[in-house]
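Worksheet for the structure shown next.
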Amino acid sequence: MGRRCVAARSFLTILLENIMATTSTANGTTPVYRALFNRVAQNELKEPYCADLMGELACLASIIGITLEEMREFAIKNHKLPRHGAFWVTEDLMQKLLAAHGWKATEWKEVLTPLSGLPDIAILLIDYDEETEIGRSVIYQRAASKDNPKGFVETVIDPAYWVPKEKQVTTDIKGLTPSWYMGIYPMPYPTSGIPKVPPQVGKK
């Protein structure tokens, strides 16, 4: 666990250095483009076990920067996720998995604003059925535009293996209507938006 924590802190330090440049111009800084996350598909396990139920874990793996296999094994060993049989990736489990890797996650909240009103990093619940209360998860990120120094780009990263390649990572989000979202923030900043000043990672 010690080596894992050091690795998590090292990764977080690098990530924070990158996302520092994506602070809104409203905070008085000039945004610079940085890509944050690589897509992790929810069917990337060595054994194709329950790929349809791996959407949330794939989103977490993408944000944390590990493989889906590593994410699942961590959840099994540390948070009692069943290795076989039925399971459900709950809000509480998602929060604990992110916290263990240096991220703060809010509870699921109903989407009541346009996407521009959401946190800069969020997990969205889309294709939601109110009767069954079931949907699927994608990553939403807002980052500074590399083409427009005063603009921002909204990107959705979809871990689903059945979506067309051009929609797996896309800025074409017109018509996207998420029902719920979970805000994601680098610890120790449980605040809105990307922090203006980087936290002292690894220091009390």
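The table that follows gives values for the structure above.
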{"item": "Which listed residue, of T155, T132, T171, T191, is out of contact with any strand residue (DSSP E or B) (no Cβ under 8 Å at 6 or more places or on another chain), among the hydroxyl-bearing types (S, T, Y) and at pLDDT below 95", "result": "T132"}
{"item": "Among the candidates V153, V163, residue that is of a type in the set (V, I, T) and closer than 22 Å to S179 by Cβ", "result": "V163"}
{"item": "Whichever residue in the range 134-150 is among the small types (G, A, S) and in a strand (DSSP E or B) and, among such residues, is nearest to M182 (Cα to Cα)", "result": "S137"}
{"item": "Qualifying residue in the range 92-102 (condition: of a type in the set (D, E) and more than 18 Å from the chain's Cα centre (by Cα))", "result": "no"}
{"item": "Inter-residue pairs, beta-carbon under 8 Å, first over 17 Å from D52 (Cβ atoms) and in the range 62-74, second of a type in the set (S, T, N, Q), 6+ apart", "result": "S62/N38; G65/N38"}
{"item": "Test: residue in the range 81-92 that is in contact (Cβ under 8 Å) with a residue 60 or more places away in the chain and either of a type in the set (S, T, N, Q) or buried (at least 18 other Cβ atoms within 10 Å of the Cβ) (or both)", "result": "no"}
{"item": "Considering residues of the range 110-152 that are in contact (Cβ under 8 Å) with a residue 24 or more places away in the chain and of a type in the set (S, T, Y) only, the residue farthest from D52 (Cα to Cα)", "result": "S145"}
{"item": "Subset of the range 153-179 (residues that are part of a loop (DSSP other than H, G, I, E, B) and more than 21 Å from D52 (Cβ to Cβ))", "result": "T171, D172, I173, K174, G175, T177"}
{"item": "Subset tally (residues that are more than 18 Å from K174 (Cα to Cα) and crowded, with 18+ Cβ neighbours inside 10 Å) for the range 96-118", "result": "6"}
{"item": "Any hit, the range 150-160, residues being of a type in the set (A, V, I, L, M), over 18 Å from I63 (Cβ atoms) and out of contact with any helix residue (DSSP H, G or I) (no Cβ under 7 Å at 6 or more places or on another chain)", "result": "no"}
{"item": "Members of the range 38-63 that are touching a strand residue (DSSP E or B) at 6+ places or on another chain (Cβ under 7 Å) and surrounded by 19 or more Cβ atoms within 10 Å (Cβ to Cβ)", "result": "G55, E56, C59, S62, I63"}
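The values are calculated or read from the model by the stated rules, or taken from the named source; none is laboratory data. Small disclaimer: the values here were computed from a predicted structure and weren't measured. Virtual Cβ from ideal backbone geometry, glycine too; neighbours counted across all protein chains shown.
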